[in-house]
1. For labels at GLU515 and SER448 in the simple 7 Å Cα→Cβ model, what's the distance in nm?
2. Roughly how many percent of the accessible protein surface of segment 169-302 is carbon and sulfur, given a 1.4 Å probe and a whole-percent answer?
3. With each label point set 7 Å from Cα along the Cα-Cβ vector, what nm distance links PHE233 and THR105?
4. How high is the relative contact order of the chain, in percent, with contacts defined as C-alpha pairs under 8 Å that are six or more residues apart?
5. How large a share of the accessible area of segment 322-420, in percent, is made up of carbon and sulfur atoms when the probe is 1.4 Å and the other protein chains stay in place?
6. Could you tell me the accessible area of LYS354 in Å² (1.4 Å probe, neighbours in place), rounded to the nearest ten?
7. Can you give the extra length, in nm with one decimal, that the chain gains between ASP197 and ASP81 once fully stretched, where that is 0.36 nm per residue apart less the Cα-Cα distance?
8. Ignoring ligands, DNA and RNA, what accessible area per residue does the chain give at 1.4 Å, in Å²?
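The values are calculated or read from the model by the stated rules, or taken from the named source; none is laboratory data. Here the structure is a predicted model, which means the values were calculated and not measured. Positions of Cβ are backbone-derived with ideal geometry, glycine not excepted, and every protein chain shown enters the neighbour counts. Accessible surface is based on the protein model in full, side chains and every heavy atom, while ligands, DNA and RNA are left aside. Shrake-Rupley method; radii C 1.70, N 1.55, O 1.52, S 1.80 Å.
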Amino acid sequence: MSRVRGFRPAPLTRRRFLEQLGAIGGSSLVMTAMSSMELMADGAGERPQLTGKPGKARVLVLGCGISGLVVGYELAKLGYDFQMLEARDRVGGLAWTVRRGSEHTEADGGERQVCTWDEGQYVNVGPWRIPHSHTGVLNYCREVGVPLQIFLNESESQYVYYEGDAIGPLAGRKLRVREVRADLQGQINELLIKAIDQHRLDSPLTVEDQDRLANFLVSQGYLDSTDRRYKAFNNRGPGDPHDLAALLQSGFGNRIRSVSPLEGTVASPMFQPVGGMDQLPKGLARAIGSNRIALNAEVQSVHQDDRGVKVVYANSKNGKKTEIAADYVVICLPLNILANIDINVSEEMMTAIKAVPYSSSAKIGLAMKRRFWEEDDGIFGGHLYSNLPLGEFSYPSNDYFTKKGVLLGLYANQPVADLLDRPVAARIEHVLTHASKVHPQIRQEFESGYAVFWKKVKYNLGGFATGAARARRPQLTKVENRLIIGSAATAPHSEPDWQEGAVAAGWQALTSLHERAMRSSSAGGR
Ligand SMILES: Cc1cc2nc3c(=O)[nH]c(=O)nc-3n(C[C@H](O)[C@H](O)[C@H](O)COP(=O)(O)OP(=O)(O)OC[C@H]3O[C@@H](n4cnc5c(N)ncnc54)[C@H](O)[C@@H]3O)c2cc1C
């Protein structure tokens, strides 16, 4: 068995082996990477079964992100008279797919980008994956005819690349997930068999069962069936096994699970809409009907009294103001945006609205002339496992074996260095510099990039709501006379707020609105 040159590990006694196993997770870098990868979210649960229709009750829905669209879709089914106001010239909010012609100017007079990629090339710069447990979102996809395909979170051939002294002898080396998984598993199995043979494994198993266990370990770890030793085998890729102590020190094992989790960002299976995440909001909007949705309608004030609500919005292209009246308003705007709108809610409500922080999420898409990761490296989807300052670097799970493709060069939910304050070209250069350590072809194949740093995107000014979600919900979900909040930050289940959270929040607001309207209607009011 080869050892990494220049590295002499201490003999791996059983005690040291178990200590090291217990110490997996010692590398804080690796843990940081993991925890940001495994953002959890529950399913939205049962769709509310609402019945009845109030007398005259006109509703305004503010914002056409997933939450607003879900409210609109359900209001239409219930037969309400409603109108939706959206500040942008498109629906979807965070569910934005950047493709040829997409453009935005960063807030505060910042830089303008226009996407010039070939037709058919795209990247999801907000939500990009849907866990199979998010049945709220998945059922809407089915209902409005949005075809789905598998989103691959891990492929055996993707690379593992970590830098830094703490990583040990495997730092700065490009390994495949398959060799890391095989070498870890195989050598651990070999040690376990030795412990069984030497009767040093405290185990409730009978002698016969221990024999069966040893057989299982041989087959599961690809051990040599004659001497029950782990040797590099063809399927792990060429070369000798990496030293077990070095693998344990690296902490790579933290990212490699026996079975994929049911929930969170690395659940399996996961799905994505064919053609981009924006297919879902577009599908919902089609079902609602364009006559119900006013685009380029930037809400500026919301004033309620006992008789109704008046909303003023400005055309975001020409500034022309319009006042519109309603009986009820469902607010599906990001709360950091709502905090700066002229609205008469109670002091407690405004304090709660202002207290919700939003993530510094950012993504950079890199259009490539050639799918070199497929052609040269045999990687078909999944992510690069690394501690490079790129957050997640990912390969597309769509349009395999075509000519061009868009890599997700960076995805982070916290600030990465001072990138937010640097010109777009410098942010892209940052990605190319680090990614070329693993993929030297990237510079030659690079066509152009598109950077979306949500803190600088007008009408969001942040990613998703963070902070103590459960604590804020009791206040934020209160119906304040004629106003109800329904954006993802009020979701009852998910932390942070996935699209499933937006669905759950929409359902919750809809239920409150319907109860309020029915109550008022049966009392003869509005
Ligand atoms: C980078 C990133 C990655 C994510 N990844 C995933 C993922 O993989 N899977 C997943 O399920 N979820 C993911 N999420 C979370 C998901 O995107 C959100 O939870 C969800 O889209 C929120 O929907 P929403 O309707 O509450 O808010 P938004 O999408 O923010 O919608 C709010 C709407 O209000 C509009 N608006 C704002 N101001 C005004 C105004 N003054 N007048 C009128 N309209 C206005 C906006 O234009 C927007 O359309 C991700 C989020 C981010 C940022």
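1. Modelled inter-label distance: 5.2 nm.
2. Of all accessible area on segment 169-302, carbon and sulfur atoms account for 50 percent.
3. That separation, rounded to one decimal, is 6.1 nm.
4. With pairs under 8 Å counted, the relative contact order is 23 percent.
5. Using a 1.4 Å probe with all protein chains present, segment 322-420 comes out at 54 percent carbon and sulfur.
6. Using a 1.4 Å probe on the heavy atoms, I get roughly 130 Å².
7. 34.2 nm
8. Per residue, the chain has an accessible area of 44 Å².
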